[in-house]
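What follows is calculated from the coordinates using simple rules that are stated; it is not laboratory data. Since this is a predicted model, take the numbers as computed values, not measurements. Reconstructed Cβ throughout: ideal geometry from the backbone, glycine too, with neighbour counts over all protein chains shown.
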Amino acid sequence: MKTIFSRLSHSPIIAAAFLMATSAIGPGFLTQTAVFTNTLLASFGFVILISIILDIGAQMNIWKILGASGMRAQELANKVIPGAGYFLTLLIVVGGLAFNTGNLAGAGLGLNVLTGWDANTGAIISAGIAVLIFVNKESLKWMDIFAKVLGLVMIVLTLYVVFVAAPPLGEAVKKTFVPDKIDFMAIITLVGGTVGGYISFAGAHRLIDAGLTGPEHTKEVSNSAVSAILIASVMRVLLFLAALGVVSKGLSLDSSNPAASVFQLAAGNLGYMIFGIVMWSAAITSVVGSAYTSISFFRSFHPVFEKNEKPMLVGFVLIALFVFITIGKPVKTLVIVGALNGFILPISLGLILLAASNKKIIGEYKHPLFLKIFGLVVVLATLFLSVKTISSL
């Protein structure tokens, strides 16, 4: 048993799943879930269900194709359309910086709740922790441990809050399949916040770094992709149920910090402290995941990027910290950036699907037809939802 646990704890399959999941579970993730539950009530369950289906379709295609090719997303995109990889990198890095500004804001807020320090001080300390992980000689190992431990902490603590909040489970199940209202912005925001932008590639690039590439590893890659979505989805459902338990009692969430309201109204001062732990854990793991994935998009362009990966990781974190301290990151912006980030998904997934049909790029690997169709549906659906959402902003 000890040997099995040891293998699992050091498995890049598990590490990649937690890296992707904790990258997705950031301050915006917590905020979006509270905001949309407050407006849609139990019908938000339907939004979560649709977003999970779209998330799985996107991740299964992206992870399997990148894994089979052994190429990171930017390399594959450049082979499909010359220059597309550079454009994709620009989108990913800009989106990653935007999210990391919000991530550091969330980390500052989490430490503010726990210690009373102001948000700027908390953000600076959190950025310092991320920098220490990246400059370590075994940075990948520490990044993996960080993601797994804090990921489990978030799930366990939120489960307790759900128990205390006592949500109407029957109503939640019913409205998940028969909603009173369908909110397109909520769907694309959730998809964008879970697999949009850099998040789609966090786990896949981690597996490439671990050497799990080629057609012979597609089964393991698929398992990791599904595990990643399930971990993130479990956290989403738990947050939804906790929020539903609060708002179904007629209690109002504080619009300036809806996620904190959920925890505090459900479990009092203890709940508020739990929120601080969950918020900090969600934020700091997303800071690490965003920086790692965004910088991985540069590594194949020139040996100088590969050689200077650690300084670039540190610089990425410090730039986001500077933006947060000088500009800040309000709740509404986190929701909007999540929606805009969803617009990157149909572009990146579309390029990767084109690569899967090109033997000169993908070799002898045969991507399953049902996954191609599933992926195409996700591209069209997210493109439609993105256009509809952005036009309404």
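Couple of notes before you dig in:
- Remark: the stretch 294-303, residue by residue, has Karplus-estimated 3J(HN,Hα) of 4, 5, 5, 6, 8, 4, 8, 6, 7, x Hz, where x stands for each Gly or Pro and the curve is 6.51 cos²θ - 1.76 cosθ + 1.60 at θ = phi - 60°.
- The stretch 124-277: C-alpha gyration tensor shape, a/c 1.5 cut-off, then a/b vs b/c: oblate
- Ordering I129, T101, S233 by Cα displacement along the dipole of the stretch 98-236 toward the positive end leaves S233 in first place; charges were set at the Cβ atoms of Lys, Arg (+1) and Asp, Glu (-1).
- Mean ellipticity per residue at 222 nm, deg cm²/dmol - from DSSP H runs of n ≥ 4 across the chain, formula -39500 (n - 2.57): -27500 deg cm²/dmol
- For the stretch 1-111, the spread of Cα positions along the three principal axes, ordered from largest to smallest, is 47, 44, 33 Å.
- Put simply, the convex hull of the Cα atoms in the chain casts, on average, a shadow of 18.8 nm².
- Largest GNM mean-square fluctuation among L270, L109, L345, using the chain with Cα springs under 10 Å: L270.
- Binning the C-alpha pair distances of the stretch 46-96 at 10 Å intervals from 0 yields a P(r) profile of 24, 39, 31, 7 %, listed from the shortest bin outward.
- Placing +1 on the Cβ of every Lys and Arg and -1 on the Cβ of every Asp and Glu, with nothing else charged, gives the stretch 168-224 a dipole about its Cα centre of roughly 140 debye.
- When peptides 63-74, 216-227, 174-185 are ranked by their average number of other Cβ atoms within 10 Å per residue, the highest-first order is 63-74, 216-227, 174-185.
- C-alpha long axis of helix 199-209 to longest principal axis of the chain, angle in °: 50
- Global geometry of the stretch 195-282, whether rounded, prolate or oblate, following the gyration tensor of its Cα atoms and the 1.5 cut on a/c: prolate
- Scaled to the globular estimate 2.2 N^0.38 Å, the Cα spread of the stretch 219-336, given as radius of gyration, is 1.37.
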